[in-house]
1. Which of the trypsin sites (Lys or Arg not before Pro) across segment 91-172 are loop residues per DSSP, with 15 or fewer other Cβ within 10 Å?
2. Working out 0.36 nm times the residue gap between Leu424 and Leu25, then minus their Cα-Cα distance, what length gain in nm do you get to one decimal?
3. Can you give the helix-only mean residue ellipticity at 222 nm for the chain, where every DSSP H stretch with n ≥ 4 adds -39500 (n - 2.57) and the sum goes over all residues, rounded to the nearest 500 deg cm²/dmol?
4. What distance in nm separates the simple spin-label points at Asn457 and Phe175, each placed 7 Å from Cα in the Cβ direction?
5. Between their Cα atoms, which of Lys78/Lys451; Lys256/Lys376; Lys145/Lys256; Lys21/Lys78; Lys27/Lys256; Lys78/Lys145 are more than 31 Å away from each other?
6. Just grab the label-to-label distance for Leu61 and Arg346, each label 7 Å out from Cα along the Cβ direction, in nm (one decimal).
7. Which angle between 0 and 90 degrees, to the nearest 10, do you get for helix 43-56 versus the longest principal axis of the chain when only C-alpha atoms count?
8. Ordered by packing density, taken as the mean number of other Cβ atoms within 10 Å over each peptide's residues, highest first, how do 243-255, 215-227, 357-369, 110-122 rank?
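The values are calculated or read from the model by the stated rules, or taken from the named source; none is laboratory data. This is a predicted model, so every value here is computed, not measured. Here the Cβ positions follow ideal geometry from the backbone for every residue, glycine too, while neighbour counts run over all protein chains shown. Calculation scope for accessible area: heavy atoms of the full protein, side chains included, ligands and nucleic acids excluded. Shrake-Rupley method; radii C 1.70, N 1.55, O 1.52, S 1.80 Å.
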Amino acid sequence: MNKTATVTNADSNLHHIRTCKLFYLAKYAAGILFILSAAVLPLWLFFAVCFVLCILSMTPLLTKAAALFKLTDENKLKQLSFDFRLLAGILTFSFLAALILENYNIDFPSFLIFQALAVTIFSTRSWYSLFNRVTLYENVRETEKFKNISLLYEFFLIILRVLGAFLAGVWVASFTGYDLTTDFLNQIFFISIIGAFIGSLFESIPSRFNANASIYLGALLSMWALLLLNYQTPWSETALAAFFSVVLAFLAYRYKIADVSALFSAAVLGIVIILFTNLWWFVLLVAFFILGGGFTKYKFRQKKAAGLAESKTGIRSYENVFSNSIWALIIAVLYGALSLYPEWSRFAMPLVFAYVGTIASATGDTMASEIGVTAKGPTYMITNFRKAKPGEDGGVSLLGETAAFIGSAIIGVMAFAFGMIDTLPLALLVSIAGGFLGTNIDSVLGAVLQKRGYLSNSGVNVFSTLSGAIISFALYFLIF
């Protein structure tokens with residue numbers, strides 16, 4: 001009796017595993033067919049189809065379709081119904097927006113929708129389910145095996161996403177009136193890489209929002225933003241920049257400076273910054289990450305015992321990466337975009353100053369925080385100079401201020417060595433002005449806003465690195 005029951009359970013489980021694989025194969029086939037149909041269907045018909053699918057997802061028809069895969073679990077059916085309805089709704093809105101923008105002669109290439117869809121199709125969850133013994137009823141994302149999948153697996157999926165987005169873009173563009181020139185193909189390849197990495201980044205970020213929706217929207221909006229800049233590079237340079245950025249990001253992950261979300265974040269930063277400027281701009285940013293990661297581990301046991309250490313044993317996440325680097329990314333893009341508009345070239349050098357200033361501010365603040373909390377001397381609140389506890393928001397110490405000054409100066413020396421600023425004294429002036437002052441503005445924001453709950457630590461970092469950029473940017477006009 002027990003033996004029969006065991007055999008029956010095993011057969012049932014095997015059936016559910018096969019059903020899962022069939023489900024995701026059907027998903028891939030439907031997605032690819034949808035993209036291929038761009039050769040024969042006009043934009044308004046795609047909108048109509050998606051709208052009808054969205055309506056049908058609210059009827060019992062979806063339940064009957066799920067019965068083909070032997071899906072009877074009520075909770076799972078609700079989840080699949082919600083996922084399908086959300087994706088159909090987003091696609092409906094995307095095609096509607098494209099139609100409206102087209103009516104007002106606003107350029108919105110419809111091939112971007114299909115590229116974003118291609119990025120979304122190759123999700124880690126679905127690909128993992130095809131090659132592992134799992135069922136649709138399992139919450140795969142919570143299993144240890146899924147959480148610990150190899151980086152080679154992740155990067156293989158990114159390659160699939162890049163190829164999928166590139167081929168989808170070229171396919172749809174060829175049927176919607178675009179000339180497939182070398183420059184256009186280079187541009188499509190460029191945005192495909194960015195879209196693929198952004199999609200992988202959004203998938204790696206824990207969120208209550210639906211994963212497929214966040215992947216799709218993240219890829220679509222990032223690719224559209226880059227396309228609007230009309231900026232492109234040869235495909236070989238794009239591929240080399242991607243490879244270099246991924247290698248550096250992998251090393252940061254390997255040596256436990258960054259987690260997976262930070263790895264993808266750093267890769268995105270690297271690709272964009274290198275392609276809009278040059279390699280040395282990104283190396284300067286990498287220097288900040290290395291210094292930050294290194295000094296996070298400085299006297300880590302002492303800081304951990306005092307409750308002052310970084311979470312996750314000092315490993316950085318996407319939030320740390322972007323809160324400290326978002327202005328560096330924006331400045332780099334602006335600098336590259338200036339090459340398309342010679343009449344604005346006078347702002348090129350001030351933007352170099354701003355870039356050095358924002359990285360110096362991030363470096364100075366990180367070193368001040370990680371080293372300053374170990375100070376044996378007194379700590380004071382920067383707003384009223386009353387004594388404070390080590391690590392308290394707004395607290396400063398002589399050791400921390402010295403660390404901020406040295407960290408800022410290191411960035412200045414490197415900016416000079418990389419040829420970003422012509423003379424060493426000027427490079428030091430720019431980095432120390434932006435870095436040291438930006439670090440202390442960080443402390444003021446910590447005392448006034450973070451301590452009262454108005455800003456998080458990441459929010460303070462965003463504003464302090466902006467202040468470092470503004471100070472160094474303004475310094476150029478005071479000197480020249």
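1. The qualifying sites are Arg133.
2. Gain in length upon complete extension: 137.7 nm.
3. The helix-only estimate for the chain comes to -24500 deg cm²/dmol at 222 nm.
4. So the label points at Asn457 and Phe175 sit 5.1 nm apart.
5. Correct reply: Lys78/Lys451; Lys27/Lys256.
6. With each label point 7 Å from Cα toward Cβ, the separation is 6.2 nm.
7. Result, in degrees: 70.
8. Order by mean packing, descending: 357-369, 110-122, 215-227, 243-255.
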